[in-house]
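The values are calculated or read from the model by the stated rules, or taken from the named source; none is laboratory data. Treat the numbers as computed from the prediction; the structure is a model and nothing was measured. All Cβ positions, glycine included, derive from the backbone under ideal geometry; neighbour counts span all protein chains shown. Ligands, DNA and RNA are stripped out before the accessible areas are found, and what is left, the full protein with its side chains, is counted by its heavy atoms. Shrake-Rupley method; radii C 1.70, N 1.55, O 1.52, S 1.80 Å.
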2 protein chains.
Amino acid sequence: MSADRIRISYTVEGGQDRDVRVPSGVSLFDAASWNGVAIDSTCGGHGTCRKCKVRVTGGQVPVSRLDPRAFGPEELAAGWRLACRAAATGDVQVTVPPLVTRPKAATVGVGRQVILRPAVQKRCVRLPEPTLADQRTDLERLRAALDDLDPAVDLHALRSLPRALRAGDFEVTAVVVDDVLVDVEPGDTTGRVFGIAFDLGTTTVVATLLDLTTATPAAVGSMLNPQQPLGGDVITRISATMLDTGALDRLTAHARTALDGLAHEVCAQAEVAPTDVYEIALAGNATMTALALGIDPEPLGVAPFVMSTRSFPGLRADDLGVRVHPAARAYVFPALGAYVGGDIVAGALASGMDRDKRVRLFVDVGTNCEIVLSDGERVLATAAPAGPAFEGAQIRCGMRAAPGAIEGVKISDDDVALQVIGDVAPIGLCGSGLVDAVAALLQVGLLDASGRLLTPEAAAEVRPGLAGRLHSVGEERVFALAQNVYLSQRDVRELQFAKAAIATGWRLLAAELGLDPGDVQQVLLAGSFGSYLSPTAAVRIGLVPGVPAVRIVSAGNVAGEGAKMALLSVRERAAAQALLEEVRYVELSDRPDFNDRFIDQLAFPAR
Amino acid sequence: MSADRIRISYTVEGGQDRDVRVPSGVSLFDAASWNGVAIDSTCGGHGTCRKCKVRVTGGQVPVSRLDPRAFGPEELAAGWRLACRAAATGDVQVTVPPLVTRPKAATVGVGRQVILRPAVQKRCVRLPEPTLADQRTDLERLRAALDDLDPAVDLHALRSLPRALRAGDFEVTAVVVDDVLVDVEPGDTTGRVFGIAFDLGTTTVVATLLDLTTATPAAVGSMLNPQQPLGGDVITRISATMLDTGALDRLTAHARTALDGLAHEVCAQAEVAPTDVYEIALAGNATMTALALGIDPEPLGVAPFVMSTRSFPGLRADDLGVRVHPAARAYVFPALGAYVGGDIVAGALASGMDRDKRVRLFVDVGTNCEIVLSDGERVLATAAPAGPAFEGAQIRCGMRAAPGAIEGVKISDDDVALQVIGDVAPIGLCGSGLVDAVAALLQVGLLDASGRLLTPEAAAEVRPGLAGRLHSVGEERVFALAQNVYLSQRDVRELQFAKAAIATGWRLLAAELGLDPGDVQQVLLAGSFGSYLSPTAAVRIGLVPGVPAVRIVSAGNVAGEGAKMALLSVRERAAAQALLEEVRYVELSDRPDFNDRFIDQLAFPAR
């Protein structure tokens, strides 16, 4: 990759100079914005505002078609160029004038600064009225005014065009999404541009209505995925489609109902007309995405785990059942593999996995655990089948993270302190509580590295103040956390399996990159479960590498953040697409060394 | 244009040699097929059959990407190339081997030979089954097998893909229309490929189901346009949309119902599954096209007569309400002007108006009369408002061409011979009968060149055997054709106005090209009315230039023929699109000399 890279040296007047290395062919504007060098622009790099004037003082950048409109011959000879149209193909030095206007930007994802440049563009134009001497068609007239844009035309826009022109006295606003004219509205409607970012989770669906003129969220809504009755996880839903020919249609209908319902809910919350929403973005795992689009997921569920496609270009919102603007477009995050889906690509984007020079590990903990590891140059991804332990399933007193769930456990010499969701008595143990309890028992020595709970006799010696909590339920040894809530020996075994799958995954990726676990400089815990997990506990049980807790970051709902970024910036969307090439997917299921490593990882780290 | 042309000399082994001049950059295959030189091919020039082998014996043609797959290094050095991939940019000599397979072709339109090369392509491919070592997506797998095609993918095809692959044991047929993959079908379905050509007339709608594997019509159906109750002609239908906000939706619904109804009728006739119809083509005037697509036609109806657009790329059959294959595409003929619509572009294509070196005049006679004139190099088009006389409207005994209508009139010294539609007594006079009657009366001298019927006294002197038929109805002089069917003085005036409008139109075009009416070498009478018109009568009243009757050709339903050609050949479709550039539209309504010329043309040619 580095062979095709060139160096750009920015001399920023009134700011900090910067040397950057970027792929050859990138515009001076994009290279600057990727690297935090601010160049004036109000159009976001579309070649229309002509504000991104820079001077090339060393190296060659050819004069673009638009440059002569912005500069005189002397200026062109002196190296002045519009940065957004200036593609650097060799090393160059560039002087950047001080900012006059500041590009709108938003902080999204894990501290990612996104410069507002949505795929949705509105342009208000005033057209000359037709005469017998100028019988150009309405569309030709509009196209001439759109200047640099040469969009394809949606039939909806064609239907709106004649009436909008005449209702607006030939002042109209053209709505272009990507490279398609989707509507023409009478008058100036440039103040109303919205998009909806969807995080379509197996469990939860979240929608964020974004004002694309300001990059601010206008409303957020969420609901449980109504597909749940047909299966709690991805595999059971795929199985449902294999057992019942009608199930795919029902699952698709459920997904569409959820997305459409949330779209209308967030619009109502913010008092925004659904027809002002011109684009939606969706991040979901490969199965959720296939089901929402009505694509048979069966090949995802059986070896060799094949997707129908990685990318979904050219979709409309109504292909996903979302009835906002009638010609609204849909951006659906592409997937790396059957079990490293669009949600992870979105998460990797929001976490800047492709942008950071540090060795970083991204782990989305769940029934299917997705792992991304980057050494700053190369990025690998894989999926580890962790099983349902983190969801609280197959755990004796397990439950979802709902009121009454123990989500945190601290164990001292003679006492147990519990953190319970809601102001209620504990009734069960959720995933983060399970990890916490196991970590704490390891720490106090009531659980050994092999995962065995001590006998009451042995415990009485080690921790006399706690030994009374060790007893048996049926044949099984348990540790009592509260009245009727306990951790069983089998629960520990379940967690060991889950932990081993995940640790085997990131250890294999590290080995592929020639890294030691100790080389990892940052761990990002993603997903709704990852956000609640105690970093100390995660390290204690060996779920993540043994780095200091401050270097373990709860990244939050990065899939949803990635979806927002895709709406806010075509540049970020291109970066997501580029991840498909940059990230190498490693299939674990055919690795001959997987089982050996897995068995090694069943044990917990020694004290 | 000739500046960019190059010369290709074809030496045809076992055939006739040919020198042709074509635009630079055209492939040797296309240049040959345009000029009647047959080069072997079974794929129609798509680069897949590798049969179109030719040898370049003089001049330079670079080696294409596909050539090394078809030829060894010595053959390449000897000048062997695949003709369909060989773009000639300078004068070349080419040797063409004898034909092994003959390309399928059909004669369509006015003697046009169309080589079968539909936009719809089916490719049956067998794909390697996925393994853990080859986890390419279904789509990547299919794309690799499609070789030269790199289609966009319709969501419908994506939905079919996983199941089709597995149902067909990885042998599937890909259906590509233009550059879009619209479906993937299990097994080999290449034998079933259909399209429907629509002629959407103001009065009549005709559908032809075409077998695109053989270029043969499988069924034809027609019906009256159900929009009729909302207005008999274009202007009254446009007015309806201006007076009533619901009228556009109703007119659109009527058009869609007609198209969809006919589609299902022709499929049922031929026992073809509607889902085997992958493309439709539609030719209609600008108003009919706008109404069918749900586009407000109002600007077409009022000065300055502006269309919403000339072309309609990227449409689907269901945008026109036609429910055949769910992802079927629609090709809609582009329009030259508000009153020279897609029907005329289709007609000009079917008549080869852009291909013939002769001076040719194309006249589609109707309420709105479209006129195209070519001098073999330049092509001009205009529209003349002829009024409803030809439809039998505003004619005392006028009627449509239906049973009982007098459609032909011959007048001898003392008798009148009538040709009546159906085996019934005459009850009225249709357009062709009107023209015949007036021409015959001019011929026998009972009507003078100014359009005045002789007085009974004067008639008794000139044609004593006919004078008895001249009498008065009310204040008005009439000529009796049959019992209760007569031609009135006002009827003659109506025809004079219509004839003057048309004759002014083609005379103005001739003047623009520096031609005399006598220079016209062929007259094509198009449209359902034109086909019934007597050439002699048309010349006699001055409706067309005074050329010998044998040079006046009834071209038939050329709009429908053009629509068939568009389905059969992407090359012809490109030619139709090129007509938009090649044909200059002349607006008559702002010509300062129109009125003077119109008044000149009111008189009939002298005997």
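With all protein chains in place and a 1.4 Å probe, the accessible surface of segment A:450-554 carries 50 percent carbon and sulfur. Volume per residue of the convex hull around the Cα atoms, evaluated for segment B:358-481, comes out as 139 Å³. Sorted from nearest, the other copies put their B:E512 label points 6.6 nm away, the label point being 7 Å from Cα in the direction of Cβ. Over all pairs of different C-alpha atoms in segment A:194-332, the reciprocal of the mean inverse distance, the Kirkwood hydrodynamic radius, equals 15.1 Å. May I ask which residue of A:I280, A:A292, A:A606 lies farthest towards the positive end of the charge dipole of the protein assembly as shown, with charges of +1 (Lys, Arg) and -1 (Asp, Glu) on Cβ and the Cα centre as origin? Looking along the dipole axis, the top candidate is A:A606. The residues of segment A:239-290 present an accessible area of 36 Å² per residue when probed at 1.4 Å with all protein chains retained. Shown here: segment B:2-102, whose C-alpha atoms stretch 35, 26, 22 Å along the first, second and third principal axes, sorted largest to smallest.
Note on segment B:378-424: percent of Cα-Cα distances in each 5 Å bin, starting at 0 and stopping at the bin with the largest distance, equals 5, 16, 17, 17, 15, 11, 7, 7, 3, 1. The residue among A:L509, A:T257, A:P226 whose Cα reaches farthest toward the positive pole of the charge dipole of chain A, with charges on the beta-carbon of Lys, Arg, Asp and Glu, is A:L509.
Residue of chain A with the smallest Cβ distance to the axis mapping A onto B, distance rounded to whole Å: A:G314, 5.
For chain B, how big is the tail of P(r) above 39 Å, as a whole percent of Cα pairs? In whole percent, the long-distance tail amounts to 38. Value of Rg to Rh for segment A:258-298, rounded to two decimals, is 1.09; Kirkwood radius and Rg both from alpha-carbon coordinates.
In nanometers and ordered shortest first, the copy-to-copy spacing of the A:E476 label point, defined 7 Å from Cα toward Cβ, is 10.2. For the set B:Y10, A:Y331, B:Y486, solvent exposure ranked by accessible area (probe 1.4 Å, protein chains only) runs largest to smallest as B:Y486, A:Y331, B:Y10. Remark: accessible area buried at the A-B interface is about 3200 Å², both chains counted, probe radius 1.4 Å. With R₀ fixed at 51 Å, the C-beta to C-beta distance from B:T236 to A:A417 puts the FRET efficiency at about 0.05. With R₀ set to 30 Å, the beta-carbon distance separating B:Q269 from B:A167 gives a calculated FRET efficiency near 0.50. Toward the positive end of the charge dipole of the protein assembly as shown, with +1 on the Cβ of Lys and Arg and -1 on the Cβ of Asp and Glu, the farthest Cα among A:L210, A:P98, B:L446 is that of A:P98.
In nanometers and ordered shortest first, the copy-to-copy spacing of the B:D148 label point, defined 7 Å from Cα toward Cβ, is 3.8. When all protein chains stay in place and ligands, DNA and RNA are ignored, the 1.4 Å accessible-area order of B:D414, B:D519, A:D296, largest first, is B:D414, B:D519, A:D296. Charging the Cβ of each Asp and Glu at -1 and of each Lys and Arg at +1, and nothing else, the dipole of chain B about its Cα centre rounds to 920 debye.
Within the protein assembly as shown, DSSP assigns beta bridges of which about 70% are antiparallel (rounded to the nearest 5).
For the listed peptides B:383-389, A:23-29, a ranking on the average number of other beta carbons within 10 Å per residue, highest first, reads B:383-389, A:23-29.
Counted by Cβ distance under 13 Å from B:G422, the other residues give a net charge of -1, where Lys and Arg count +1 and Asp and Glu count -1.
Here segment B:11-29 is scanned for amide nitrogen atoms under 15 Å from the site 7 Å beyond the Cα of B:Q93 along Cα-to-Cβ, giving B:11-13, B:17-20. Size of segment A:480-607: Rg and Dmax of its alpha carbons, in Å, are 17.5, 54.
Using 0.36 nm per residue of separation minus the Cα-Cα distance, give me the extension gain between A:Q60 and A:A458 in nm, one decimal. Taking 0.36 nm per residue and subtracting the Cα distance, the gain is 135.6 nm. Taking all C-alpha pairs of the protein assembly as shown, those more than 63 Å from each other amount to 24 percent. Here A:D188 sits with roughly 100 square angstrom of accessible surface, probe radius 1.4 Å. In this calculation the C-beta distance from B:A480 to B:N595 is compared with R0 = 35 Å, giving a FRET efficiency of 0.50. Packing order of peptides A:133-140, A:434-441, A:448-455, highest average first: A:434-441, A:133-140, A:448-455 (average count of other Cβ atoms within 10 Å over each peptide's residues).
Tally the DSSP beta bridges in segment B:403-485 and give the antiparallel ones as a percent, rounded to 5. Here the share of antiparallel DSSP bridges comes out near 85 percent. Using the Cβ of B:R463 as centre and a radius below 9 Å, the other residues enclosed give a net charge of -3, where K and R count +1 and D and E count -1.
Take each residue in A:126-137, count the other chain C-beta atoms within 10 Å of its C-beta, and the mean is 4.
Compactness of segment A:120-186 is given as radius of gyration and Dmax, 10.9, 35 Å, from Cα positions. Only Lys, Arg, Asp and Glu carry charge here, each on its Cβ (+1 for the first two, -1 for the last two); on that basis the protein assembly as shown has a dipole of about 1300 debye about its Cα centre.
Computed per residue of chain B from DSSP H runs no shorter than four, each worth -39500 (n - 2.57), the mean residue ellipticity at 222 nm is -9000 deg cm²/dmol. Checking the Cα-Cα distances for B:K53/B:K122; A:K53/A:K104; A:K53/A:K122; A:K53/A:K564; B:K499/B:K564 against a 26 Å cut-off, the pairs over it are A:K53/A:K564; B:K499/B:K564.
So in segment A:194-332, what percent of DSSP beta bridges are antiparallel if you round to the nearest 5? Given both bridge residues lie in segment A:194-332, the antiparallel proportion sits at roughly 60 percent.
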